[in-house]
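Chemist: Please see the structure below; I have some questions.
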Amino acid sequence: MSIRKANRSLAIIRHYGCLLLLLPMVVLMAGTRPARAMPEPAIAMYGQPLYPPGFTHFNYVNPDAPQGGTLKLSAIGTFDSLNSFIVNGTPVVGLRDFVFESLMARSYDEPFSLYGLLADSIDVPDDRSSVTFHLRDGARFSDGQPVTVDDVIFSLEILRDKGRPNYRTYYSKVVKIERPDARSVRFVFARETGGRSAENREMPLILGLMPILPKHVYAHRAFDKTSFDVPVGSGPYVVESFSPGQRITYRKSPDYWGKDMAVNTGRYNPERVVFDYFRDTNGAFEAFKAGLYDARLETDPTRWTTGYDFPAVREGKVRKVTFPTSLPSGMYGLVFNTRKPVFADIRVRQALTALFDFEWINKTLYNGIYVRTRSYFDGSALSSCGRAASEAERAILAPFPDAVPAAIMEKGYQPPSSDGSGFNRPGRAEADRLLRSAGYEIRDGLWTRTKTGEPLSFEILVTTPTDERLALVYAGMAARSGVHIQVRNVDASQYQQRLDTYGFDMIFYNWDLSLSPGNEQAFYWGSAAADTSGSRNYMGIRSPAVDAAIAAMLAATTQDQFIPAVRAMDRALLAGNYVIPLFHPDRQWGALWNRVGFPARSSLYGYRLDTWWVVPQP
């Protein structure tokens, strides 16, 4: 982790760790509603929001950014719908970012904090079992109609009933809707039997991010059908024109109601934003080189290190840039399906991890550009990497003394390493030791279970050329040590079906993780999810220690409780050797033509397209 990232991560801990989530309380008689806070202009998941009332702009914007011009961007594939809220069809990019707004706006300088937008204040009781929003006077849609309580209620109901599954899952937790006055709406959340649901802590913020649709428009449209009906929202842009599957142009709404809001200062600077669609990334890259669009965010390590040597770069017209980020790396790894007998023994999983020679792979395949992943939250304040467990972490894990080895408790997970020569002698020696202790021996050049004569053999399921190439390289490494791996490439539909039913031995998978992990962690790693078809617990984890850490995380009410719980979960996951941790870039990569400007300071989340601008031409 870079010094800059480390300092920023420590700053987050110092800032949030010293604050308590204590809201002003009103003494109520027993048996009445929970104590309530006064309406506030902002809310944080834990602690207090970073920006005080009356702030003028976010720190990661340029408040004096030039206005006007056209920013041209790219998208891959095609689109057949201007409705991004439903499962049907392939929606165009940009609608949620440019056309539709939420009750509150998210700050990307913090893990999870919201500030008033369509709503000027938020009111939650101490247990967060409900939330009340007061709508801002003057907020209106692009057709001039005011944003009303009816619009907010309609948005929740139609997204819950006809929207994407994530909307249905969260918004169905609202069991009652009230109207305290003509400009306020209150949502009451379901409770677990016998007490407060831990999910309620997140729900006020989830509702704060709900897109608000005009009832007078969408009540008369077939909402669950793909459509090229021009969308109507309250956001800073409107759809000016589009060519189905090829291009969409957003133009600034001439009478945008929120242009002077602090949360919008320095954002939405271009007069127009255009997305041109390309069939594949190669075609898009050639178009960028020709100057057909202005900015490219790169994900291909080979292209990043060797592809940007074309005339416009050499002439200084295009510049390569990197954006630091304090986002967790997430976990990109080779996943062991521990439901399979071949991976039931942790020593086998540890041996196979030792055979993965990251140093050689990184140097040979990726020009040394990646760093090894050492935590599910690597690069962030939530990571256990390089940190001794705190007393709070130890308390969470104390009932499970065998769940996390002392080494991981003292300094975090340390993956095997090599000298990069390709021989990986330390890894092969360690695999030899582990497999013999697990009851294997070498017969006819293959590791074979001593008691049954069954060879150590399994399949890696892949569906992309990139994964297939890496899988074949790893299979070759394992073969030199006597492990037989077959790589099977299947089409996308078969691949998804086998993932949903856990019909695989090993796969590549990437879990994207945030600075504010929540209920989804149980869906990823919880024991109950191991037997639930379609969950993301692809490893089949059934760990009481992981479950306890997730429960502590969800029950946390302060940052001082939350961070240790996440780190304890991280240690327990790493100790279980459920994946072979692979690698990640330590920053975001981009290339921009000189006609594009961006702020000097990145957010915690890295670059933000909505803060860029078009440089005025002389």
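Just so you know, all these numbers are worked out from the coordinates, no wet-lab data involved. This one's a predicted model, so the numbers in the text were calculated from it and none came from an experiment. Note that we place each Cβ from the backbone using ideal geometry, even for glycine, and neighbour counts take in every protein chain shown.
Chemist: Which of the peptides 587-593, 566-572 is most tightly packed, and how do the rest follow, judged by the mean count of other Cβ atoms within 10 Å per residue?
Modeler: Numbers: 587-593: 19.3, 566-572: 28.6.
Per-residue Cβ counts within 10 Å, averaged per peptide and sorted highest first, yield 566-572, 587-593.
Chemist: Related question: Would you kindly state how much longer the chain becomes between Asp143 and Arg601 on full extension, computed as 0.36 nm times their sequence separation minus their alpha carbon distance, in nm to one decimal? Can you show the working numbers first?
Modeler: Working: separation 458, 0.36 × 458 = 164.88 nm, distance 3.53 nm.
Length difference between fully extended and current span is 161.3 nm.
Chemist: Would you mind checking the radius of gyration and Dmax of the stretch 275-399 based on alpha-carbon positions, in Å?
Modeler: Taking only Cα atoms of the stretch 275-399, I get Rg and Dmax of 20.7, 63 Å.
Chemist: DSSP H helices in the chain with Cα extent of 30 Å or more along the helix axis and mean Kyte-Doolittle hydropathy at least 0.0? Display every interim value, and only then the final one.
Modeler: On the way: long enough: none.
Result, helices passing both filters: zero.
Chemist: At 7 Å along Cα-to-Cβ for each site, give me the label-to-label distance between Thr90 and Ser241 in nm.
Modeler: If labels sit at Thr90 and Ser241, their model points lie 2.3 nm apart.
Chemist: I've got another one for you. Counting only Cα atoms, I'd like the Rg/Rh figure for the stretch 377-533, Kirkwood definition for Rh. Before the final figure, lay out each step's value.
Modeler: Values: Rg = 19.0 Å, Rh = 19.1 Å.
Using Cα coordinates only, the ratio equals 1.00.
Chemist: Classify the stretch 353-438 as rounded, prolate or oblate from the Cα gyration tensor: take a ≥ b ≥ c as the square roots of its eigenvalues, call it rounded if a/c is under 1.5, otherwise prolate when a/b beats b/c and oblate if not.
Modeler: Working: a/c = 3.61, a/b = 1.47, b/c = 2.46.
The shape class here is oblate.
Chemist: What shape does the stretch 34-172 have by the C-alpha gyration tensor, where a ≥ b ≥ c are the square roots of the eigenvalues, rounded means a/c under 1.5, and otherwise prolate means a/b greater than b/c and oblate the rest?
Modeler: Details: a/c = 1.73, a/b = 1.19, b/c = 1.45.
Oblate.
Chemist: Right, here's the next one. What is the Rg over Rh value, at two decimals, for the stretch 132-289, using alpha-carbon atoms and the Kirkwood definition of Rh?
Modeler: Numbers: Rg = 18.8 Å, Rh = 18.3 Å.
Here the Rg-to-Rh quotient is 1.03.
Chemist: Return an integer: the convex hull volume of the alpha-carbon atoms of the stretch 522-614, in Å³ per residue.
Modeler: On the way: hull volume 15.2 nm³, N = 93.
Once divided by residue count, the hull of the stretch 522-614 is 164 Å³.
Chemist: Please report the net charge: other residues with Cβ closer than 15 Å to the Cβ of Val263, K and R +1, D and E -1. Before the final figure, lay out each step's value.
Modeler: Details: positive: Arg106, Arg136, Lys259, Arg267, Arg608; negative: Glu40, Asp97, Glu101, Asp109, Glu110, Asp120, Asp260, Asp610.
Result for the local shell: -3.
Chemist: Under the Kirkwood approximation applied to all pairs of distinct alpha-carbon atoms, what is the hydrodynamic radius of the stretch 99-199 in Å? Mind dumping the intermediate values first?
Modeler: Working: mean 1/r = 0.0676 Å⁻¹.
After inverting the mean inverse Cα-Cα distance, the result is 14.8 Å.
Chemist: Summing -39500 (n - 2.57) over the DSSP H runs of n ≥ 4 in the chain and dividing by its residue number, what mean residue ellipticity at 222 nm do you reach, to the nearest 500 deg cm²/dmol?
Modeler: Details: 18 runs with 166 residues, N = 618.
Calculated at 222 nm, the ellipticity per residue is -7500 deg cm²/dmol.
Chemist: What shape does the stretch 272-321 take by its C-alpha gyration tensor, where a ≥ b ≥ c are the square roots of the eigenvalues and a/c under 1.5 counts as rounded, a/b above b/c as prolate, and the rest as oblate?
Modeler: Working: a/c = 1.79, a/b = 1.23, b/c = 1.45.
Here the stretch 272-321 falls in the oblate category.
Chemist: I would also like to ask the following. Could you order peptides 339-350, 311-322 by the average number of other Cβ atoms within 10 Å of their residues, highest first?
Modeler: On the way: 339-350: 17.7, 311-322: 13.3.
Result, highest mean Cβ count within 10 Å first: 339-350, 311-322.
Chemist: Mean separation of Cα pairs under 8 Å and 6+ residues apart, divided by the residue count of the chain: what relative contact order is that in percent? Numbers along the way, then the final one.
Modeler: On the way: 1244 pairs, mean separation 122.4, N = 618.
Once normalised by length, the contact order is 20 percent.
Chemist: In nm, give the distance between the simple-model label positions of Thr364 and Lys225, each being 7 Å from the Cα along the Cα-to-Cβ direction.
Modeler: Going from the Thr364 label point to the Lys225 one covers 5.6 nm.
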